[in-house]
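The values are calculated or read from the model by the stated rules, or taken from the named source; none is laboratory data. Every value quoted in this text rests on a predicted model; they were computed, and no experiment measured them. With ideal geometry, Cβ positions are generated from the backbone for all residues, glycine too; neighbour counts draw on all protein chains shown.
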Amino acid sequence: VLEDQFLIAIEIEGMLDRLGCIVVGLVPTVARALALLERDRVDFAILDVNLGRERSARVAEELLARGVPFALSTGYEVQKLPEEAFRDAEHLGKPIDFHRLAETVRRLMDVRETP
Amino acid sequence: MVLNARRIDHMQLILLAIEDQTESRRADRALRRSEERLRRVLETDAVGVLFFDQTGRVTDANEVFLRMTGYSRERIDAGQLTWRDMTPPEWVAASEQQMDQLAKTGRIGPYEKDYFLADGSRRWMLFAGRDLGDGAIVEFCIDNSERKKAEEEREFLLGELNHRVKNILAVIRSLAAQGHGGPEVERYKAVFLARLDALVAAHALALESRWSTIELAELVARTLKPYMAEHSEAVETSGDPVQLEARRALSVGLALHELATNAVKYGALSKPEGRVRVSWRLEKDSEQRVVFVWEERDGPNVAPPEDIGFGTRLIRRVFSYELNGDAELEFRPEGIRLKGWFPLS
């Protein structure tokens, strides 16, 4: 979970917990997110777009390159984001719509379980 | 070359004068070229050029200025246009100040003002000028009404954003305060509303600063205000001037509030003789960093809690997660001590 506000990050963590996911990391910056990707296996990521001083596009690019699915949770309108890496990205809303998150996680699990 | 020959018969001589005019011709041509260049410079689109005399009368203007403003060359030639005619009443003082500056430094502006066009309508203009040394004054002006309009729109949107942020916080506060429940629910409500109020106070500061920077002392004062009525004697605050980015100030405000409520519930502020010292300093080595210390004493005996509450967890994580710094929390018998530090920018 890449989100610069701790309170929002732990709320997303709680939602993922309830869905039976193991959250390998909450990270507030691009650098810490990239380090996490080096260190751990990540099956799915949730990205905030505006991290205060930087934007998360660099992480989205890395996820695309690694074939790791991700979804956005941002206050912006996703269609208007200028970054190429965010094109076609799923948007979970902000605050996150739990049902949409649940559906997304379930869909990803299905894909994984039936290769 | 100019040749000039003359026969002097009685001496059987021909006097021949040869004058090399290469230099002076070249100088003439250069002068004409330079004048032509300057004339073109003065007819650059969108840049009006005005010439004044010492009394403020317009003596000449370029075509761009006439087109921009609608004033006629006849009026200028008749000496019937002065800067005062073109200056709305509320801008006269500012313009006179520019004239004073001209008298002192030989320069005008750059400055902006609202300006009367010939038809009485107004445009924003940016002016800059100087004394030409022969009693004349030249002034250049650019119509920047479009930029002004964009600025006004941005102002409006920022005001609108502030309004909506405050409104949504007020709506959330009202939603949370509705209904009554058992003591558990009421307790939770009180905790939640106090947290929300701290958030509202920090947001109000951020909005006032127009999301630029906030003085740390001001943030501390505002966040602790709800507790100061009862504990004004017990809390001492001091520190270096520190300008915090608004976004980061919101994080610090959150941690401060948790520290204060914990102190009231379990710490130094739960006893009349308890004291809290809040201090901060700016340290400089490779980067500027803020060191923030919350120190309690003379409260009830403190023992490390068996399990860390949400507030305590939040305090630490504000420093390590949101501020890219870190924090140490000590449960000393005389009271807790939190030392947090983070890079200023």
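Based on what the data block shows, is residue A:85 of a type in the set (A, V, I, L, M), at negative phi, surrounded by fewer than 20 Cβ atoms within 10 Å (Cβ to Cβ) and not in a loop (DSSP other than H, G, I, E, B)? No: the conditions fail for residue A:85. Of the strands (runs of 3 or more DSSP E) lying entirely inside the range B:226-324, the ones with 2 or more residues being touching a residue at least 12 places away in the same chain (Cβ under 8 Å) and hydroxyl-bearing (Ser, Thr, Tyr) are found at B:235-239. Would you confirm, using the coordinates I've provided, whether residue B:217 is crowded, with 17+ Cβ neighbours inside 10 Å and either out of contact with any Gly (no Cβ under 9 Å at 6 or more places or on another chain) or without any contact (Cβ under 8 Å) to a residue 60 or more places away in the chain (or both)? Judged against the criteria, residue B:217 is not a match. Name the residues in the range B:294-326 that are aromatic (Phe, Trp, Tyr) and surrounded by 15 or more Cβ atoms within 10 Å (Cβ to Cβ), would you? Answer for the range B:294-326, where residues must be aromatic (Phe, Trp, Tyr) and surrounded by 15 or more Cβ atoms within 10 Å (Cβ to Cβ): B:294, B:319, B:321.
Here is the figure for the range B:300-311: residues that are out of contact with any helix residue (DSSP H, G or I) (no Cβ under 7 Å at 6 or more places or on another chain) and within 14 Å of chain A (Cβ to nearest Cβ) total 3. On inspection, residue A:98 does not qualify as crowded, with 19+ Cβ neighbours inside 10 Å and either more than 14 Å from the chain's Cα centre (by Cα) or not aliphatic (A, V, I, L, M) (or both). When you look at residue B:24, is it among the small types (Gly, Ala, Ser) and over 18 Å from residue B:138 (Cβ atoms), yes or no? So residue B:24 passes the test. Note on the range B:325-339: residues that are within 14 Å of chain A (Cβ to nearest Cβ) and part of a strand (DSSP E or B) total 2.
Identify all residues within the range B:171-182 that are on the phi < 0 side of the Ramachandran plot and either in a loop (DSSP other than H, G, I, E, B) or in contact (Cβ under 8 Å) with a residue 24 or more places away in the chain (or both); write none if there are none.
Listed by number, the residues that qualify are B:172, B:173, B:178, B:180, B:181, B:182.
Here is a yes/no grid of residues against (1) modelled with pLDDT of 95 or more; (2) hydroxyl-bearing (Ser, Thr, Tyr); (3) closer than 23 Å to residue B:314 by Cα:
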{"position": "A:2", "(1), (2), (3)": "yes, no, yes"}
{"position": "A:6", "(1), (2), (3)": "no, no, yes"}
{"position": "A:20", "(1), (2), (3)": "no, no, no"}
{"position": "A:26", "(1), (2), (3)": "yes, no, yes"}
{"position": "A:31", "(1), (2), (3)": "yes, no, yes"}
{"position": "A:35", "(1), (2), (3)": "yes, no, no"}
{"position": "A:52", "(1), (2), (3)": "no, no, yes"}
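If you filter the range A:44-56 down to residues that are outside any strand (DSSP E or B) and in contact with a Leu (Cβ under 7 Å, 6 or more places away or on another chain), you find that the one that is farthest from the other protein chains (Cβ to nearest Cβ) is A:44.
Among the residues of the range A:33-71, those that are acidic (Asp, Glu) and either closer than 19 Å to residue A:22 by Cα or under 13 Å from the mean Cα position of the chain (by Cα) (or both) comprise A:38, A:40, A:43, A:48, A:61, A:62.
Being surrounded by 14 or more Cβ atoms within 10 Å (Cβ to Cβ), of a type outside the set (Gly, Ala, Ser), without any contact (Cβ under 8 Å) to a residue 60 or more places away in the chain and not in a helix (DSSP H, G or I) is the filter here, so list the residues in the range A:4-43 that pass it. A:4, A:5, A:23, A:24, A:26, A:27, A:28, A:29, A:42, listed by residue number.
Looking at the range A:99-112, is at least one residue within 30 Å of residue B:345 (Cβ to Cβ) and hydrophobic (A, V, I, L, M, F, W, C)? No, the range A:99-112 contains no residue that is within 30 Å of residue B:345 (Cβ to Cβ) and hydrophobic (A, V, I, L, M, F, W, C).
Looking at the range B:122-139, is at least one residue out of contact with any strand residue (DSSP E or B) (no Cβ under 6 Å at 6 or more places or on another chain) and on the phi > 0 side of the Ramachandran plot? The answer is yes; a qualifying residue exists. Against the condition surrounded by 15 or more Cβ atoms within 10 Å (Cβ to Cβ), within 14 Å of another protein chain (Cβ to nearest Cβ), out of contact with any Pro (no Cβ under 8 Å at 6 or more places or on another chain) and over 13 Å from residue A:90 (Cβ atoms), how does residue A:59 come out, does it pass? Taking the combined requirement at face value, the residue does not satisfy it.
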